[in-house]
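Peer 1: Take a look at the following structure, please.
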Amino acid sequence: MKEFIKYTLATVTGIVLLCTSMAVLGLFSVFAMLATGSSTPKVAPNSVLAIKLSGTVEERANDNMTPVFRLMGSDMETMGLDQIVGAIRKAKGEGNVKGIYIEAGPVTFDSPATAAAIRKALADFKKSGKWVVAYGDEYTQAAYYIASVADKVYLNTTGMIDFRGMGSKIMYLKGLYDKIGVRYQATRVGKYKSYVEQQTRTGMSAEDREQRTAYLSGIWQAMLRGIAASRKVSAKALDGYANDSILLFADQKDYQKMKLVDKLLYPEELQQEIKGRLGLEKDDDITQVSVTDMGALPEPHDGEGDEIAVYYAVGGITDQDISAITGEQGIVGRTMAEDLGALADDDNVKAVVIRVNSGGGSATASEQIWHAVKKLRQRKPVVVSMGGMAASGGYMISCAANYIIAEPQSVTGSIGIFGLIPNVSGLMTDKLGITFSEVGTNRYTNAMENLTMDKDNTDVLNMMQTYVDRGYDRFLAIVADGRKMTKRQVHAIAQGRVWLGADAARIKLVDRLGSLDDAVAKAASLAKAGSYHTASYPAQSSWWETLLQQQMGSGNYLDAGMRELLGSNYGEWVALRTADKRGRLQAALPFSVTIE
């Protein structure tokens, strides 16, 4: 009894402490928001927008966490593309901002398209006649791609540039599964639908190699063209530098000789360079504003005119919410369908832009969302803006829109279906000595158990293949209906093949290339809106919900360890952990598209 009382009191004490901590944080966040929101924020004259490229850059930032980060004296480790591009756009029109300073550091982008969008925004900023300066102790490849658009690119005197081309190293698990007696059974349609290969092969198939090479080469050539145009160096020369990248590290002065940087500087020398641009004296201070500061400024016409809703569909598509397990945002089929239904009923919303950044997932959930998009389109214009990827299920939810706009480096297509089920008979029977007997009222009563436990299950696998074939045919019909093509025409460019946005426009999977702003303008045009403003959906999680999710998801010690151990292959670990919570029929991209 004493032990029971002790543990009960300990539990109650823990709950009280947790609630107290949450309450204190809540009060702090309220005070912080009141302090920051008590007056309209202003930018001091002769200011510089400082953009620190470090941490992770994703599609959308969670602004609700800003007061907490500020109180804790910590910079946000995750920035949103919307946040960065919005700050650059506001800085262009803000007379007190004279230029932009880019500080390059270790940064990972959720896709090459994200890096390209930031670069494009900076190029547009320069059209105002204002300057952009970049500096780094070390430039990752993607950070240098962005920084190269600057008027001047500076490097620390002992710094380096990581410039070695695009590639990926894929981990195949069949050999491991063979050793423990597990066999993954794949049913798929489309020779390029390679998602299943990491579990069923020991190496890359010719078809997967073909599409990966095309995708990586397309991204690399686009990066080379951008850097070449900004730095006045031929793309061929840059490609050669990447081939000899080890030699680049011999002497920092070589970076200057090769025209990759303008000058090697110590940090204090950089400050004097910027002061000179601002007309400041040697001992004057530089006034900086951050991305977050610019985000607090109101939009020029905020709240005026008709509302164009921008709905962010980001992450894997699932039948149920698994964010508490993965610690990452995602798209839940039923939830998004309900959200789109609400936007359809909202008379204040005149058009909807769906910003898709998803590699797909559950075929069932994807079709549920597609149906909701189609119903929404009957009520008001719908335009899809493709971000880093809108592939497989991500493409399915896009193709019912009135109009599709993709970034040039968006990954799309991957029109195909697969099923992947593990068979553990070798482990259970051969290695552990477990045997099974069955009883049932009908021939296929125990079909799913037979798939996972029986060595001889050919007839059930054939049933699964028929199920997958039917799903693929349905996928073809959905695309054909949305893109005004025949199923035969869609099949010719489908079969799971991944396409870049630039190629997708050529084969009519998308209507044109452009940015999110272009998609908003198109939606406003279709809605015949004279003046308009945008509103973002769905509502972001509150600060306490995000903190709680981090504790339950990415804060998990096992996940943190596996993320560190597996690196870019962490996604496969997440897929295995959540396999029982995903649909049996999958329409998912075979690889991730992060870039450093």
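Peer 1: Given the condition out of contact with any strand residue (DSSP E or B) (no Cβ under 9 Å at 6 or more places or on another chain) and within 30 Å of HIS533 (Cα to Cα), answer yes or no: does some residue in region 474-495 qualify?
Peer 2: Among the residues of region 474-495, not one is out of contact with any strand residue (DSSP E or B) (no Cβ under 9 Å at 6 or more places or on another chain) and within 30 Å of HIS533 (Cα to Cα), which makes the answer no.
Peer 1: If a residue has to be touching a strand residue (DSSP E or B) at 6+ places or on another chain (Cβ under 8 Å) and modelled with pLDDT under 95 to count, how many in region 64-86 make the cut?
Peer 2: Adding up the residues that qualify gives 8.
Peer 1: Considering only region 483-527, how many residues are of a type in the set (S, T, N, Q), within 26 Å of ARG470 (Cβ to Cβ) and at pLDDT 95 or above?
Peer 2: Number of matching residues: 2.
Peer 1: Continuing with this model, one more query. Of everything in region 256-278, what is closer than 25 Å to TYR145 by Cβ and acidic (Asp, Glu)? Give them in sequence order.
Peer 2: Those that are closer than 25 Å to TYR145 by Cβ and acidic (Asp, Glu): ASP262, GLU269, GLU273.
Peer 1: Can you name every residue in region 350-378 that is under 19 Å from GLN329 (Cβ atoms) and polar (S, T, N, Q)?
Peer 2: ASN357, SER358, SER362, SER366, GLN368
Peer 1: OK, next. Restricting attention to region 376-395, which residues are within 17 Å of the chain's Cα centre (by Cα) and open to solvent by less than 10 Å² (accessible area, probe 1.4 Å)?
Peer 2: If the condition is that a residue be within 17 Å of the chain's Cα centre (by Cα) and open to solvent by less than 10 Å² (accessible area, probe 1.4 Å), then VAL384, SER385, MET386, GLY387, GLY388, ALA390, ALA391, SER392, GLY393, GLY394, TYR395 are the ones that fit.
Peer 1: Looking at region 196-245, which of the residues that are acidic (Asp, Glu) and part of a helix (DSSP H, G or I) is nearest to ALA502 (Cα to Cα)?
Peer 2: Filtering region 196-245 for residues acidic (Asp, Glu) gives 197, 207-208, 210, 239, 244.
Now drop any that are not part of a helix (DSSP H, G or I), which leaves 197, 207-208, 210, 239.
Numbers: GLU197: 27, GLU207: 20, ASP208: 20, GLU210: 17, ASP239: 21 Å.
Applying the filter and picking the extreme gives GLU210.
Peer 1: Then there's this: If I go through region 474-525 residue by residue, how many of them are farther than 25 Å from VAL349 by Cα, open to solvent by 60 Å² or more (accessible area, probe 1.4 Å) and polar (S, T, N, Q)?
Peer 2: So the count comes out to 2.
Peer 1: Here is a list of conditions, (1) in contact with a helix residue (DSSP H, G or I) (Cβ under 9 Å, 6 or more places away or on another chain); (2) modelled with pLDDT of 90 or more; (3) open to solvent by less than 80 Å² (accessible area, probe 1.4 Å); (4) over 25 Å from ALA519 (Cβ atoms), and LYS236 meets all of them except one; can you say which number that is?
Peer 2: For LYS236, the exception is condition (3).
Peer 1: Can you tell me how many residues within region 405-429 are assigned to a strand (DSSP E or B) and either over 22 Å from GLU58 (Cβ atoms) or out of contact with any Leu (no Cβ under 9 Å at 6 or more places or on another chain) (or both)? Even if it seems obvious, please write down each step before you answer.
Peer 2: Filtering region 405-429 for residues assigned to a strand (DSSP E or B) gives 405-406, 411-413, 417-423.
Pick out the ones that are also either over 22 Å from GLU58 (Cβ atoms) or out of contact with any Leu (no Cβ under 9 Å at 6 or more places or on another chain) (or both) and you get 413, 417-423.
Of the residues in region 405-429, 8 are assigned to a strand (DSSP E or B) and either over 22 Å from GLU58 (Cβ atoms) or out of contact with any Leu (no Cβ under 9 Å at 6 or more places or on another chain) (or both).
Peer 1: Would you call VAL310 modelled with pLDDT of 95 or more and within 30 Å of GLY501 (Cβ to Cβ)? Outline the logic, then answer.
Peer 2: Numbers: modelled with pLDDT of 95 or more: yes; within 30 Å of GLY501 (Cβ to Cβ): yes.
Against the criterion (modelled with pLDDT of 95 or more and within 30 Å of GLY501 (Cβ to Cβ)), VAL310 qualifies.
Peer 1: Report, by residue number, each residue of region 262-307 that is closer than 20 Å to GLY93 by Cα and hydroxyl-bearing (Ser, Thr, Tyr).
Peer 2: Residues satisfying the conditions are THR287, SER290, THR292.
Peer 1: Turning to a different aspect of this structure: Would you confirm whether any residue within region 436-447 is touching a Gly at 6+ places or on another chain (Cβ under 9 Å) and either at negative phi or modelled with pLDDT of 95 or more (or both)?
Peer 2: Yes: region 436-447 contains one or more residues that are touching a Gly at 6+ places or on another chain (Cβ under 9 Å) and either at negative phi or modelled with pLDDT of 95 or more (or both).
Peer 1: How many residues does region 364-375 contain that are open to solvent by 10 Å² or more (accessible area, probe 1.4 Å) and either under 13 Å from VAL314 (Cα atoms) or not charged (D, E, K, R) (or both)?
Peer 2: Within region 364-375, residues that are open to solvent by 10 Å² or more (accessible area, probe 1.4 Å) and either under 13 Å from VAL314 (Cα atoms) or not charged (D, E, K, R) (or both) number 5.
Peer 1: Just to be sure before I move on: is THR287 closer than 29 Å to LYS130 by Cα and either hydroxyl-bearing (Ser, Thr, Tyr) or surrounded by 18 or more Cβ atoms within 10 Å (Cβ to Cβ) (or both) in the structure I sent?
Peer 2: Details: closer than 29 Å to LYS130 by Cα: yes; either hydroxyl-bearing (Ser, Thr, Tyr) or surrounded by 18 or more Cβ atoms within 10 Å (Cβ to Cβ) (or both): yes.
Considered against the rule, which asks whether it is closer than 29 Å to LYS130 by Cα and either hydroxyl-bearing (Ser, Thr, Tyr) or surrounded by 18 or more Cβ atoms within 10 Å (Cβ to Cβ) (or both), THR287 comes out as yes.
Peer 1: May I pose another question? Identify all residues within region 142-189 that are closer than 21 Å to SER205 by Cα and either open to solvent by 60 Å² or more (accessible area, probe 1.4 Å) or within 23 Å of the chain's Cα centre (by Cα) (or both); write none if there are none.
Peer 2: MET166, GLY167, SER168, LYS169, ILE170, MET171, LYS174, LEU176, ASP178, ARG183, ARG188 - these are the residues of region 142-189 that are closer than 21 Å to SER205 by Cα and either open to solvent by 60 Å² or more (accessible area, probe 1.4 Å) or within 23 Å of the chain's Cα centre (by Cα) (or both).
Peer 1: Across region 400-423, what is the number of residues that are surrounded by fewer than 24 Cβ atoms within 10 Å (Cβ to Cβ) and farther than 22 Å from SER194 by Cα?
Peer 2: Kept after step one, since they are surrounded by fewer than 24 Cβ atoms within 10 Å (Cβ to Cβ), are these residues of region 400-423: 402-403, 408, 419-423.
The next check asks that each one be farther than 22 Å from SER194 by Cα; those that pass are 402-403, 408.
Residues flagged as surrounded by fewer than 24 Cβ atoms within 10 Å (Cβ to Cβ) and farther than 22 Å from SER194 by Cα within region 400-423 amount to 3.
Peer 1: I would also like to ask the following. Out of LYS263, LYS253, which single residue is at pLDDT 95 or above and open to solvent by 50 Å² or more (accessible area, probe 1.4 Å)?
Peer 2: LYS263
Peer 1: From the list ALA342, ALA313, pick out the single residue that is open to solvent by 10 Å² or more (accessible area, probe 1.4 Å) and of a type outside the set (Asp, Glu).
Peer 2: ALA342
The values are calculated or read from the model by the stated rules, or taken from the named source; none is laboratory data. For clarity, every value in this text was computed on a predicted model and none was experimentally measured. Glycine gets a Cβ as well: all are built from the backbone with ideal geometry, and neighbour counts include every protein chain shown. Accessible surface is based on the protein model in full, side chains and every heavy atom, while ligands, DNA and RNA are left aside. Shrake-Rupley method; radii C 1.70, N 1.55, O 1.52, S 1.80 Å.
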